[in-house]
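This report refers to the structure that appears directly beneath it.
The values are calculated or read from the model by the stated rules, or taken from the named source; none is laboratory data. Keep in mind that what you see is a predicted model, and the values were worked out from it rather than measured. With ideal geometry, Cβ positions are generated from the backbone for all residues, glycine too; neighbour counts draw on all protein chains shown. Each accessible area value is taken on the protein alone, full model and side chains, heavy atoms only, with ligands, DNA and RNA left out. Shrake-Rupley method; radii C 1.70, N 1.55, O 1.52, S 1.80 Å.
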Amino acid sequence: MKVAIYGQYYQNSTEPIINDIFVFFNKNNVEMIIESHFLLMLNERKIVENKYKTFTSHTELDSSFDMLISIGGDGTILRAATLVRDSGIPILGINAGRLGFLATVQKENIAEFMQFVIDKKYTISKRALLSLTCSPPNESIDEINFAMNEITVSRKDTTSMITIDTYLNDEFLNSYWADGLIISTPTGSTGYSLSCGGPILTPDVKSLVITPIAPHNLTARPLVVPDETEIRLKVSGREENYLVSLDSRVTSVKNESILTLKKTPFQINMVEIPEETFLKTLRSKLLWGEDKRN
Ligand SMILES: NC(=O)c1ccc[n+]([C@@H]2O[C@H](COP(=O)([O-])OP(=O)(O)OC[C@H]3O[C@@H](n4cnc5c(N)ncnc54)[C@H](O)[C@@H]3O)[C@@H](O)[C@H]2O)c1
Ligand SMILES: Nc1ncnc2c1ncn2[C@@H]1O[C@H](COP(=O)(O)OP(=O)(O)OP(=O)(O)O)[C@@H](O)[C@H]1O
């Protein structure tokens with residue numbers, strides 16, 4: 001078995017997690033190829049020896065890899081998705097972060113859960129992604145043009161609202177007067193969209209959610225549409241530019257540009273372990289299970 005290892009940060013709390021992973025994989029003859037910046041951080045702290053092979057970009061991750069292990073929080077998994085892209089390499093998240101909603105393995109049970117991985121006792125949860133075309137073109141979007149959580153348009157350098165003309169498959173839906181608009185995948189439905197009143201979708205639902213951010217029209221509610229829908233947006237406002245985000249990445253776009261959002265032809269494969277399903281995560285990480293009456 002051959003795995004890529006990726007993390008963005010090092011903190012003192014990382015050491016026991018790294019130790020557990022490396023001891024377990026070395027004992028089970030798993031080949032580890034480590035992202036070069038992460039290995040440098042681990043080398044500097046003398047946690048891991050310098051004998052491991054490294055990778056630096058998505059171009060080096062090919063079908064010879066069985067899995068990418070992301071060590072961090074949700075932000076790290078979103079970055080990990082930009083490394084695997086359309087390669088199909090499954091991502092397994094080990095939560096070294098805070099919430100770690102997308103991470104399957106908690107730091108307390110690394111060896112137990114990794115055994116499931118070695119024994120191939122896991123399933124793949126396919127995550128739909130969104131991509132964007134901008135007219136006129138915008139180079140900063142073209143570089144990594146997909147989002148696993150959501151694509152958002154929002155106001156920039158102003159407190160004044162923006163107007164977002166929205167079309168679904170060429171049919172006019174609405175002009176939202178709001179701070180912004182979130183187009184969320186099922187994966188992203190527990191992120192920003194949830195904070196703005198959007199519904200939670202289970203990851204396998206074939207839908208997208210259109211959620212306005214603070215709309216100044218109390219009847220504008222989150223809308224669920226089929227994920228085959230082509231969504232077209234035109235933003236106008238007092239400033240010349242507004243913000244477009246794809247997950248954690250942000251760029252500035254000129255007013256009146258036409259944005260067209262579509263599901264990508266490929267998906268991200270997330271590793272799911274029977275002990276740690278999406279429904280269990282709702283109870284444990286969104287605290288549904290904390291109701292004193294249960
Ligand atoms: N007001 C909000 O709730 C808000 C605002 C901006 C961005 N976000 C979310 O943050 C993401 C970017 O992450 P970041 O690390 O760069 O920002 P960040 O550091 O602000 O972290 C955002 C928080 O959202 C959580 N999160 C991210 N994706 C999630 C998901 N799919 N389900 C449940 N929780 C999730 C993370 O655990 C983290 O605690 C965006 O894709 C967006 O979903 C949320
Ligand atoms: N490899 C790591 N080792 C130790 N701590 C980490 C590691 N990766 C992330 N963290 C901690 O988790 C924090 C959040 O990490 P990250 O940006 O990946 O996630 P996030 O999007 O903020 O989500 P979450 O709420 O799940 O942590 C970091 O600021 C850091 O404190």
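ALA103 sits among other residues whose Cβ lies under 10 Å from its own Cβ, and their net charge, with Lys and Arg +1 and Asp and Glu -1, is 0. Take LYS120: with every protein chain present and a 1.4 Å probe, its accessible area is about 130 Å². Centre-to-centre, using Cα atoms only, segment 230-277 and segment 147-175 are separated by 10 Å. Solvent exposure of segment 34-101 amounts to 45 Å² per residue of accessible area, where only protein heavy atoms count and the probe is 1.4 Å. Close amide H pairs (under 5 Å, H built 1.01 Å from N) link LEU208 with VAL225, ASP227, residues at least 5 positions away or on another chain. Taken per residue, the accessible surface of segment 130-263 reaches 46 Å², heavy atoms only and a 1.4 Å probe.
Reducing segment 74-101 and segment 49-73 to their Cα centroids gives an inter-centroid distance of 12 Å. The trypsin sites (Lys or Arg not before Pro) of segment 208-294 that meet both conditions, a loop assignment by DSSP and at most 16 other Cβ atoms within 10 Å of the site Cβ, are ARG238, LYS292, ARG293.
Highest-first packing order for the peptide set 182-189, 211-218 is 182-189, 211-218, based on the mean count of other beta carbon atoms within 10 Å. Ordered from longest to shortest, the equivalent ellipsoid semi-axes for the chain are 36, 21, 17 Å, each the square root of 5 times a Cα gyration tensor eigenvalue. Counting only Cα atoms, the size of segment 32-135 along its three principal axes is 49, 30, 29 Å, in decreasing order. For every other residue with a beta carbon closer than 15 angstrom to the beta carbon of HIS37, add +1 if it is Lys or Arg and -1 if Asp or Glu, then tell me the sum. Charge balance in the 15 Å sphere: 0.
In a DSSP loop and with at most 12 other Cβ atoms within 10 Å, the GluC sites (Glu not before Pro) in segment 14-62 are GLU49. ILE71 sits among other residues whose Cβ lies under 15 Å from its own Cβ, and their net charge, with Lys and Arg +1 and Asp and Glu -1, is -1. Amide H contacts under 5 Å for ASN241: ASN255, restricted to partners 5 or more places along the chain or on a different chain, H placed in the peptide plane at 1.01 Å from N.
Computed in the context of the full set of protein chains, the accessible area of segment 59-123 at 1.4 Å probe radius has 48% of its extent on carbon or sulfur.
Determine the share of segment 183-243's accessible area contributed by carbon and sulfur atoms, expressed in whole percent, with a 1.4 angstrom probe.
On the way: 1520 of 2890 Å².
Carbon-and-sulfur percentage of accessible area, whole number: 53.
Near ILE91, the amide H atoms lying under 5 Å from its own belong to LEU68, ASN269, MET270, VAL271; only residues 5 or more places off or on other chains count, and H is placed 1.01 Å from N. Listed values for segment 215-224 are Karplus-derived 3J(HN,Hα) couplings in whole Hz (6.51 cos²θ - 1.76 cosθ + 1.60, θ = phi - 60°), namely x, 8, 7, 5, 8, 6, 10, x, 10, 9, and x replaces Gly and Pro.
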